[in-house]
Amino acid sequence: MSRFTEFRFKAATTFQRRIGNPVTRRLPFQTLLETTGRTSGLPRVTPLGGRRIGNEFWLVSEFGEKSQYVRNIKANPRVRVRVGGRWHVGTAHLLPDDDPIARLRTLPKVNSTGVRTMGTNLLTVRVDLGE
């Protein structure tokens, strides 16, 4: 990873952890992903963007397997997603063969722009809801 890419990753994740996530997590209709901490076993809630399509929820992780929630999914794919203020249980699947840029074109534009701008290693994630 280049120095610039590493700097961008550290700057973005520090901002998200200390400012962005604590604020947006409190918004009543913010989409949230709840994973189980791979070490602690405690619920971990991450605000994110994505779209529900039928019984699936699609998102793109901007930092791929470096994202803490992706690392938690790898350890335990059982998750909950809050969409439109309502929680849904599901099973998350990491899709490294999916084209994340093409996928972002199908997701909400504001979030997709941010993911493309700040992202260093995009990874598509699909959550099968109701499982």
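Each value in this text was obtained by applying a stated rule to the coordinates, not by laboratory testing. Here the structure is a predicted model, which means the values were calculated and not measured. Cβ: placed from backbone, ideal geometry, glycine included. Neighbour counts: every protein chain shown.
Residues with beta-carbon under 11 Å from that of Lys66, excluding Lys66: net charge, scoring Lys, Arg +1 and Asp, Glu -1? Display every interim value, and only then the final one.
Values: positive: Lys10, Arg71; negative: Glu6, Glu62, Glu65.
Neighbour charge sum, excluding Lys66 itself: -1.
Need the full-extension length gain, Thr39 to Lys109, defined as separation in residues times 0.36 nm minus the C-alpha distance. One decimal, nm. Don't skip to the answer; put the middle values down first.
Numbers: separation 70, 0.36 × 70 = 25.20 nm, distance 3.37 nm.
Extending this stretch completely gives an extra 21.8 nm.
Distance between Cα centroids, the range 95-120 to the range 64-93: provide it in whole Å.
That distance is 17 Å.
From the backbone phi of the range 88-102, what are the Karplus-calculated ³J(HN,Hα) couplings (6.51 cos²θ - 1.76 cosθ + 1.60, θ = phi - 60°) in whole Hz, Gly and Pro given as x?
3J(HN,Hα) across the range 88-102, in whole Hz: 9, 8, x, 10, 8, 10, 7, 10, x, 8, 6, 7, x, 5, 5.
State to the nearest 20 debye the size of the charge dipole of the range 44-131 about its Cα centre, where the only charges are +1 on K and R beta carbons and -1 on D and E beta carbons. List each step's numbers first, then the result.
Numbers: 15 positive and 8 negative charges, 75 e Å.
I would put it at about 360 debye.
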